[in-house]
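S.K.: One structure follows; several queries about it will come next.
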Amino acid sequence: MSRIYIFENTSSLHAEEALITTYNILNRLDYEVSLCLGPRTAQRVANNEFLMAKDVILVPSLGKLFKFISNVKKHDIVVYPTIAARNVVLLFIMNLFIAKNIYYIRSSNSWLKYSNHQGGFGVKTIRLITHYIKKYLLKNAFQIFVANANIKAHLAQYTDKCINIIPYKLAEDNLSSPKFQTPLTYLIPGAVDTNKKDLNQIRQATALLTPQELENVKIVLLGRPSNPVDVKFCNQWKSEIGDSLTIYDKFIPTEEFDGQLKNAHYIIGILAIDYQDKYNQEIYGVTKDTGVDAQAIAYGKPLIINKPFAILPEIASSSQLFGNPAELADIFKASMASPAHYDGLSQAAIDNSQKFTLDIIVSKLENI
């Protein structure tokens with residue numbers, strides 16, 4: 001039997017979750033599945049009992065890496081769930097020896113367009129080299145994985161490669177919604193980073209609520225601040241609305257993170273839609289994936305997110321868009337005023353999440 005190797009060599013915050021999802025999906029196919037972990041990844045997932053109980057190949061050195069490459073057979077497949085810029089040269093070398101490579105593209109413009117990253121001649125030269133390496137890898141890929149249908153549609157304009165959808169997260173089992181009971185919990189997942197998230201819009205929306213309305217709202221920032229500026233922002237917001245805001249100042253244990261998501265009534269996304277990352281201009285929801293809608297799908301929660309985010313068609317019926325603080329304040333008021341309104345959205349969210357179960361995702365895979 002041929003084998004699929006899932007090769008991960010980054011310490012990305014999302015590497016652990018991506019490995020679990022990718023493994024669960026590929027393990028349903030007619031292949032043996034192994035995890036091949038570089039030293040940074042191995043350290044990050046060392047305490048994950050689910051992953052470490054699988055067939056794990058550790059590659060802590062170049063010698064071990066080349067031994068791994070030599071053991072990959074002609075019909076075996078190597079999947080790369082996370083691709084960091086610093087690993088592109090390594091992927092190029094592996095491509096020379098491995099016939100079937102599948103790259104998970106999370107930020108498609110970084111594969112399609114030359115970096116607009118500023119810097120000296122040396123920096124620009126390195127970025128030019130990695131740009132053309134990525135173009136070469138894309139041209140020679142066996143397949144491409146992406147997180148959702150929006151990114152697939154965008155990428156399909158530039159390549160004729162088979163593109164399969166592997167979500168960041170699958171729908172959780174036995175989903176249920178908390179009962180309508182005030183205060184309603186609105187959860188904002190991810191690190192508190194005001195450069196990437198215009199949290200001031202949500203802060204302004206809460207300022208438009210009356211004291212009585214504010215008592216019916218509980219906002220949870222499910223991530224710690226990224227820097228002193230964000231710490232100051234959170235503390236000032238907390239001083240304004242008190243117990244209506246929950247903030248964290250340290251790493252959140254997995255059990256508590258999951259518990260907060262399960263108990264939330266709504267998930268809020270507030271993104272800099274046209275986002276300039278370290279290297280490229282990306283558009284969240286079109287060229288770049290985000291964990292916000294993935295968490296809403298996984299836990300069956302209604303999504304509230306800022307315009308002009310491209311909501312996935314599969315969850316449109318359980319999502320709401322706002323364009324400014326006043327519109328968000330109106331959403332808060334409508335949600336707390338009507339149990340029927342909340343019940344309808346929460347049931348739609350659970351129904352929509354069933355489009356992302358393991359069985360459904362596996363059934364849609366092509367040509368692996």
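Only the coordinates and a few stated rules stand behind these numbers; no lab work does. What you are looking at is a predicted structure, and each value in this text was computed from that prediction instead of being measured. Quick reminder, even Gly has a Cβ in these numbers, built from the backbone with ideal geometry, and neighbours come from all protein chains shown.
S.K.: For n ≥ 4 DSSP H runs only, could you compute -39500 (n - 2.57) per run for the chain, divide by its residues and tell me the 222 nm figure to the nearest 500?
M.R.: About -12000 deg cm²/dmol.
S.K.: Another one. N367 to F66: extension gain in nm, 0.36 nm per residue of separation minus the Cα-Cα distance? Walk me through the numbers before you get to the answer.
M.R.: Values: separation 301, 0.36 × 301 = 108.36 nm, distance 2.80 nm.
Between N367 and F66, full extension yields an extra 105.6 nm.
S.K.: Cross-link partners among lysines for K64, C-alpha distance below 18 Å, same-chain residues fewer than 8 apart left out?
M.R.: Within reach: K73.
S.K.: Looking at segment 184-356, send over the antiparallel percent of its DSSP beta bridges, to the nearest 5.
M.R.: Numbers: 3 of 22 bridges.
Approximately 15 percent, going by the DSSP bridge assignments.
S.K.: For segment 172-235, rounded, prolate or oblate, judged on the Cα gyration tensor with a ≥ b ≥ c (square roots of eigenvalues), a/c < 1.5 rounded, else prolate if a/b > b/c?
M.R.: In terms of gyration-tensor shape, oblate.
S.K.: Which of rounded, prolate or oblate describes segment 1-66 when judged by the alpha-carbon gyration tensor and an a/c cut-off of 1.5?
M.R.: Note, shape of segment 1-66 comes out oblate.
S.K.: Going by how many other beta carbons lie within 10 Å of each one, how would you line up S226, S176, fewest first?
M.R.: Listed from fewest to most nearby Cβ atoms, that is S176, S226.
S.K.: Also: Rounded, prolate or oblate: which fits segment 184-356, taking a ≥ b ≥ c as square roots of the Cα gyration tensor eigenvalues, rounded meaning a/c under 1.5, else prolate when a/b beats b/c?
M.R.: rounded
S.K.: Can you run phi through the Karplus equation (6.51, -1.76, 1.60; θ = phi - 60°) for segment 214-231 and list ³J(HN,Hα) in whole Hz, with x for Gly and Pro?
M.R.: Running phi through 6.51 cos²θ - 1.76 cosθ + 1.60 with θ = phi - 60° gives 5, 5, 9, 10, 10, 9, 10, 8, 8, x, 8, x, 7, 7, x, 4, 6, 4 Hz.
S.K.: Mind checking the angle between helix 62-71 and the chain's longest principal axis? C-alpha axes, 0 to 90 degrees, to the nearest 10.
M.R.: Approximately 70 degrees, to the nearest 10.
S.K.: Which of the pairs K238/K355; K232/K262; K67/K196 have their Cα atoms more than 30 Å apart in this structure?
M.R.: K238/K355; K67/K196
S.K.: Between the alpha-carbon centers of segment 7-80 and segment 253-275, tell me the distance in whole angstrom.
M.R.: Cα centroid to Cα centroid, the span is 27 Å.
S.K.: Please find the FRET efficiency linking K113 to E240, where r is the Cβ-Cβ separation and R0 is fixed at 45 Å, and quote it to the nearest 0.05.
M.R.: Details: r = 41 Å, r/R0 = 0.91.
Calculated transfer efficiency: 0.65.
S.K.: Sticking with this structure for a sec: Relative to the longest principal Cα axis of the chain, at what angle does helix 121-140 sit, 0 to 90 degrees, rounded to 10?
M.R.: 80 degrees
S.K.: Another question, then. Positive end of the charge dipole of the chain (Lys, Arg +1 and Asp, Glu -1 on Cβ, about the Cα centre): tell me which of G269, Y114, L208 has its Cα farthest that way.
M.R.: Y114
S.K.: Next question, about the same structure. If I fit a long axis through the Cα atoms of helix 88-97 and take the longest principal axis of the Cα atoms of the chain, what angle between them do I get, 0 to 90°, rounded to 10?
M.R.: The angle comes out near 40 degrees.
S.K.: Out of (1) 21.5, 67; (2) 26.3, 77; (3) 20.5, 64, which label holds the value of Rg and Dmax of the Cα atoms in Å that was computed here?
M.R.: Correct label is (1).
S.K.: Between F257 and Q204, what FRET efficiency comes out of the Förster formula 1/(1 + (r/R0)^6) with R0 = 30 Å and r the beta carbon distance, rounded to 0.05?
M.R.: Once rounded, the FRET efficiency stands at 0.65.
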